[in-house]
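These notes concern the structure reproduced below.
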Amino acid sequence: MMFWYGDGMNGWGWFAMSAGMVLFWGLLITVAVMLLRTMGRPGERPSGSRPATSAEQILGERLARGEIDEEEYRRRLTALRSAEP
């Protein structure tokens, strides 16, 4: 007699089969999510390809952040424009 337990699979067999199926689907879903995240990520630009920012733009950003006041902004802007060729 080959199958002593009726259908040949006891409680541990069912547990191992169920755990294996859960692990299989978990692994499959994890791989799919990782692939989608990698493909959806925009390409990173190299550090050297950043567009050049003019000195006037930087000065305007500093004024907007509150690092300098309007008087200093105008003084430095005048100095920048007079120094340019």
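Below, the figures for the structure above:
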{"item": "Every pair of residues 6+ apart whose Cβ atoms lie under 9 Å, when the first sits in region 10-32 and is modelled with pLDDT of 95 or more while the second is not in a helix (DSSP H, G or I)", "result": "none"}
{"item": "Any hit, region 60-68, residues being out of contact with any Ser or Thr (no Cβ under 9 Å at 6 or more places or on another chain), of a type in the set (Asp, Glu), at pLDDT 80 or above and open to solvent by less than 60 Å² (accessible area, probe 1.4 Å)", "result": "no"}
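The values are calculated or read from the model by the stated rules, or taken from the named source; none is laboratory data. On a predicted model such as this, the values are computed, not experimentally measured, just so you know. Quick reminder, even Gly has a Cβ in these numbers, built from the backbone with ideal geometry, and neighbours come from all protein chains shown. Just the protein is used for accessible areas: all its heavy atoms, side chains included, with ligands, DNA and RNA removed. Shrake-Rupley method; radii C 1.70, N 1.55, O 1.52, S 1.80 Å.
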